[in-house]
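Below is one structure, written out as structure tokens; comments come after it.
Just so you know, all these numbers are worked out from the coordinates, no wet-lab data involved. Predicted, not measured: the structure shown is a model, and the values here were computed from it. Note that we place each Cβ from the backbone using ideal geometry, even for glycine, and neighbour counts take in every protein chain shown.
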Amino acid sequence: MMAMTTSQLGRYGYADIEGLMGLMTGDEKHGPAATSTLDALWVLYDRVLNVDPRDPGAPARDRFLLSKGHGPVAYYAVLAAKGFIDPGVLRGFASFDSALGYHPDRTLIPGVEIGSGSLGHGLGLAVGIALGLRAQARPEPQVFVMLGDAELDEGSNHEAIAFAGAIGLDSLHAVVIDNSSATHGWSGGVGTRFEREGWSTVTVNGRDHDALEAAFVAPREGRPRAVVAVVEPKNSAARRPAINVR
Amino acid sequence: METMRERFVVTAHELLDSDPRIAIVLADITAAQFAPAAAGHPDRVINVGIREQLLVGVTGGLTLAGLRPIAHTFPSFLVERPFEQVKLDLGHQDVGAVLVSSGASYDMTSEGRTHQAPGDVALLDTLDGWTIEVPGHPDEAELLLRDAAARDDRVYLRLSGEANNAPQLMVPGQFLPVRTGRRGTVVAVGPMLTPVLDAVAGLDLSVLYAVTVRPFDIGALRRAVTASDTADVVLVEPYLAGTSNREVDEALLDLPHRVLGLGVGRAELRRYGTPAEHAAAHGLDPASLRERIASFLG
């Protein structure tokens, strides 16, 4: 019902995303978070993920889980641009009859792997999906889960980070959007939380598409992968990342 | 006698061998007993360590990937501690799973309150779509586990060290009429059947044996009540007293009726000792049950 026809695929580019986002209104509370995810989402859907809007449930597809369910405007816009959502439904955003709310519901939107909103649930689900694919001898699909630096406050993440690192779950990719929004910060940087548990970890400019792509497609090393995508601090108007990245 | 927990391990191992959809998810509890199964099925016996939020999150993820996971630990750590994962990682994702707890309300009396979960069924009962099974014997536990493994919905299987003297020829989803009488109906849940039958010996009462408590077998209750001279119902549940009173009220909405909900008291005992001592303290031993039931029925 919501998926677009094949002829509509590929109609939209990155420059169209802002316009698609503009079709949605009323998400002021989540405004800054909505755009912090935009570039990483675009690079994943445009260059990295093996997903097809014509067959969003294909068993061999890559999985993308938006754990950080807050501010989903950029997510919906990218899904619309890539043919999973009819752009026409963006206008009804968060209305009673809309499939698109402030937090996404997997049962309402093709291609959305999990319902999220309560922070700290996506990484555990992603570990289970990766283990389930492994148990079915499906080594190809990669499982990406997008988190926020403040979301890492939730202890459930640290259960998953330690376990995935310990078992070398190398189809698992955490994408942490770091907009410096964690109230008490992360001494040494977000990446250290993954690195010390044995993850392959890299910190990149979260607005640099080529750097993001290179980080996402780096060869697997028998370990889970964490890509920390640093963007402007949530409470700053600056357009450049405030943290030096390597 | 073999315990439900021991039968669970044996049966789960057989299910792993026979059904490639089955996975076992553990959080250290019972991991040693599952070591042989894990050796044979390293990708489908998953021990996440002492991480119960992850236990349930991984369980939801395994279902999303197409498996039929069976997650297991003590009820406090399976239902209560990770309750939001149960609500969201299973229910909100609209996926099934089998949760198997062992420990019940007061199996672990000497461990104290931290290892006791009389509220697990009531808490799970706030959520939609759960089948809740409370077997009274290892044979019933095995039957219910096999039944749950072959389905796709959300099932909570509550195992206990307390058990009835003998298994019943129960059918999943249905209350079993055990005896009939004219002065009222007693619904005995799981391991409460043996003490209930002792308690009502010589009394003119019907007894229904309930193992599947959600969904509640409204038809069986109505048949028993309409065959009786009174619409007086006594529930005897091995978890928080009153957990199923609402179900009885809804089943008998069109009939003037009375219901007495017996079970584990809300107040913390702050006692150790034995399960038998706790049963007596909660008024669930046969003598106390007989007195309370007789008093209610007048």
For chain A, built as a Gaussian network whose Cα springs stay under 10 Å, the top-fluctuating residue of A:105, A:97, A:210
A:97
Kyte-Doolittle at least -1.0, axis length at least 20 Å by Cα - qualifying DSSP helices, chain B
B:4-18
Take the alpha carbon gyration tensor of chain A, find the square roots of its eigenvalues, order them as a ≥ b ≥ c, and report rounded if a/c is under 1.5; if not, report prolate when a/b exceeds b/c, else oblate.
oblate
Provide the net charge surrounding residue B:2, with neighbours chosen by a C-beta distance below 12 Å and charges set as Lys +1, Arg +1, Asp -1, Glu -1.
-1
Pick from B:77, B:175, B:34: which residue has the top mean-square fluctuation in a GNM of chain B where Cα pairs under 10 Å get a spring?
B:34
Using the Cα centre of chain A as origin and beta-carbon charges of +1 (Lys, Arg) and -1 (Asp, Glu), tell me which of A:215, A:38, A:177 is placed farthest towards the positive end of the dipole.
A:215
Let me test this: with uniform point scatterers at the alpha carbons of the range A:121-193, what is the Debye-based log₁₀ I(q)/I(0) at q = 0.16, 0.21 1/Å?
-0.56, -0.89
Quick check on the range B:137-223: take the gyration tensor over C-alpha atoms, sort the square-rooted eigenvalues as a ≥ b ≥ c, and tell me if it's rounded (a/c under 1.5), prolate or oblate.
oblate
Below 9 angstrom from the Cβ of residue B:109, what's the summed charge of the other residues (Lys, Arg +1; Asp, Glu -1)?
-2
Among B:238, B:110, B:263, which residue has its Cα furthest toward the positive end of the charge dipole of chain B, with +1 on Lys/Arg Cβ and -1 on Asp/Glu Cβ?
B:263
Please compute the net charge surrounding residue B:271, taking Lys and Arg as +1 and Asp and Glu as -1 over other residues with Cβ under 13 Å from its Cβ.
-1
Expressed as a whole number, the average count of other chain Cβ atoms within 10 Å around the Cβ atoms of B:63-71 is 5
Could you size up the charge dipole of chain B around its Cα centre, putting +1 on the beta carbon of Lys and Arg and -1 on that of Asp and Glu, and report it in debye to the nearest 20?
340 debye
Mind checking the mean number of beta-carbon atoms from other chains within 10 Å of the Cβ atoms in B:82-95?
4
Just counting partner chain Cβ atoms within 10 Å, what average do the residues of peptide B:41-47 show around their Cβ?
3
Considering only A:200, B:215, B:18, whose Cα is most displaced toward the positive end of the charge dipole of the protein assembly as shown, charges sitting on Cβ of Lys, Arg (+1) and Asp, Glu (-1)?
A:200
Let me know the charge dipole size of the range A:103-203 about its Cα centre in debye, to the nearest 20, where only the beta-carbon of Lys, Arg (+1) and Asp, Glu (-1) is charged.
240 debye
At the level of C-alpha centres, the distance separating the range A:123-164 and the range A:169-205, in angstrom, is 13 Å
Heads up, the protein assembly as shown by the C-alpha gyration tensor (a ≥ b ≥ c square roots of eigenvalues; a/c under 1.5 rounded, else a/b over b/c prolate, else oblate) looks prolate
Hey, rough spin-label estimate for residue A:210 and residue A:94, points 7 angstrom out along Cα→Cβ, what's it come to in nanometres?
3.8 nm
Lys, Arg +1 and Asp, Glu -1 on Cβ, resulting dipole of the protein assembly as shown about Cα centre, debye, nearest 20
380 debye
Largest fluctuation, B:97, B:32, B:117 only, Gaussian network model of chain B with Cα springs under 10 angstrom, belongs to B:32
Volume of the Cα convex hull of the range B:18-165, divided per residue and given in Å³:
108 Å³
